[in-house]
Structures are given as C-alpha cells and as structure tokens.
Amino acid sequence: MSESRNNKEIGEKEVESPCETKIKDNSVSEESAERPAPEESNVREKLSGEVSDPFAGYDAPKKVETEKPDKRFKKAEKQSARIAYAAAGTAIAIIASVITVYLPVRIMPLVLAAFCFFLVHTKCGAVYGSVSAVATVLVTGLCGGICSSLVLLAVCFFPYSLVCIPLRRFDYRSVKGALLRAAVSIVLVNIAFVVVYFVAKYTVLGGIDVMEAVGKLGYIIIALVISAVAVITDVLFVLCDKVITPKIK
C-alpha cells in the first residue's frame, strides 16, 4: 500500500496541468522580452556615452541685421541733400565764371566760384566737389575758349579751393596761420600770373614780350600788387567760411 501511494505522488509531481505550463511559458517569454539582446545592449551603451559634436569648434552664424526703414530713409534724404547742394553750387560757380568771359571783371566772380567749389567739397564730399569744378571749367571753356578766365580758373582758383580745405583750421587771428595762408595764396597767384602771361603772349599778343617794355621794376610792382590782392581775397574767403558755411546744414 505504501508503494502504491509513493507511485501516485511521483506521478502527480511529474504530470502537470496545462494551466501551470501556460503560466510558466508566459513568465519565461516576459523575462526574455525584458532582457535585451546583446547587440542592442552594446548600441545603448554607445549611445549613452558622450558623443563628440563635429561643429564644436565653429561659431554659429550671426544673424544679419537688416536696416530699418528709418535708416534707409535718412540715407536717401542725405544723398538727395548732397545732390541738391552740389547742383546749386555748380550752377552758381558756372554763372560766376561765365560772367568773367563777357564782362571786364575777373577776380571776385572767380573767387565766388572757388568758394562754391570749397562748399561743395566740404558739405558733399570730394567727388561732388571735383565734378562741380570740372563742369565749371568745361562750360567756361565752351563759352570763352582759351581765355584768361579759363586759365585763372583752372590754374589758380580751383587749386586754391582744394588747398583751403586742409588750411581751414588756420586763420588770420594767429601769426602762424596768417603767415601760412598768405604764403600759399601768394604762391598760387604768382604761378597763375606767369601761366596767364605766357598764354596771352602766344595766343593773343602773337609772341610779343610785354615784360621787356615794362622792365624788371614793373614786373616787381605787378607781383607785389597781385600778392596784396591775393592776401585780401584770402581774408575775405576765410570770413565767408566762418559766416556762411555753418549756416548750411
């Protein structure tokens, strides 16, 4: 009897119910699903580590700031003001220069033309000042040909307007400034006088030397008078610069 009981217990242990086998199969499948494959675990370990940034040494591109409409409007307004000033200065210089061709006046209209070149150069820039001077010289040449007005304008007054720009900080209130401006004015005027003399000698006088009739003493007197006129003209130029230029914005 005891042997038969033992055999039954052993049979019961060996034979399992179908429900128990299903539960065991499900638990095994869940453990296998939770447990990662060896390849996946390696990939996760690599991804979990620090990845080097290939663009670490480069700066991020900066945003380009577009100009606001107000700035563009201000730039356009300044440009139009420059063009208007340059056109007005050129017109006044042409009128003053052409007057010297048809009327017996030379110095003061050409000084006015030089002051217009100076203003345009100061307020509008070197390009506008140079264009204004070249246009005035061309119109004067078209109206009067090769004449004393054209030579004085091209040789004396246009260079004088350019020289006055760096000399602007000097005036006649100090001895140094007065001597410097007077010396520059005298040199320019005497160079212009010599050029006008040779142009007149070979174009108008037919090669006649007027200086032989005048003599050295007469040449010295003419040079002194021209130099004094040049210094007086430069003083007026400085006064016009102090009074008129600040009012033009």
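At a glance:
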read-out: Verdict on Leu167 being closer than 21 Å to Val235 by Cα, touching a Lys or Arg at 6+ places or on another chain (Cβ under 8 Å) and assigned to a helix (DSSP H, G or I); value: yes
read-out: Identity of the residue in region 89-107, open to solvent by 50 Å² or more (accessible area, probe 1.4 Å), assigned to a helix (DSSP H, G or I) and among the hydrophobic types (A, V, I, L, M, F, W, C), that ends up nearest to Cys124 (Cα to Cα); value: Ile92
read-out: Single unsatisfied condition, Arg168 versus (1) open to solvent by less than 20 Å² (accessible area, probe 1.4 Å); (2) modelled with pLDDT under 90; (3) basic (Lys, Arg); value: (1)
read-out: Failed criterion for Leu153 (all others in (1) among the hydrophobic types (A, V, I, L, M, F, W, C); (2) surrounded by 19 or more Cβ atoms within 10 Å (Cβ to Cβ); (3) free of Cβ contacts under 8 Å to residues at least 12 places away in the same chain hold); value: (3)
read-out: Failed item in (1) at pLDDT 85 or above; (2) open to solvent by less than 80 Å² (accessible area, probe 1.4 Å), with Val187 passing the rest; value: (2)
read-out: Any hit, region 79-92, residues being within 21 Å of Ile191 (Cβ to Cβ) and among the aliphatic types (A, V, I, L, M); value: no
read-out: Filter result for Tyr197 (of a type in the set (Phe, Trp, Tyr), open to solvent by less than 50 Å² (accessible area, probe 1.4 Å), at pLDDT below 85 and part of a helix (DSSP H, G or I)); value: yes
read-out: Pairs, first assigned to a helix (DSSP H, G or I) in region 130-141, second of a type in the set (Ser, Thr, Tyr) and surrounded by fewer than 17 Cβ atoms within 10 Å (Cβ to Cβ), C-beta under 6 Å, six or more apart; value: none
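The values are calculated or read from the model by the stated rules, or taken from the named source; none is laboratory data. Computed from a prediction, not measured in an experiment: that's the story for all the values here. So basically every Cβ, Gly included, is an ideal-geometry build from the backbone, and we count neighbours across all protein chains shown. Keep in mind that these areas ignore ligands, DNA and RNA; they rest on the heavy atoms of the full protein, side chains included. Shrake-Rupley method; radii C 1.70, N 1.55, O 1.52, S 1.80 Å.
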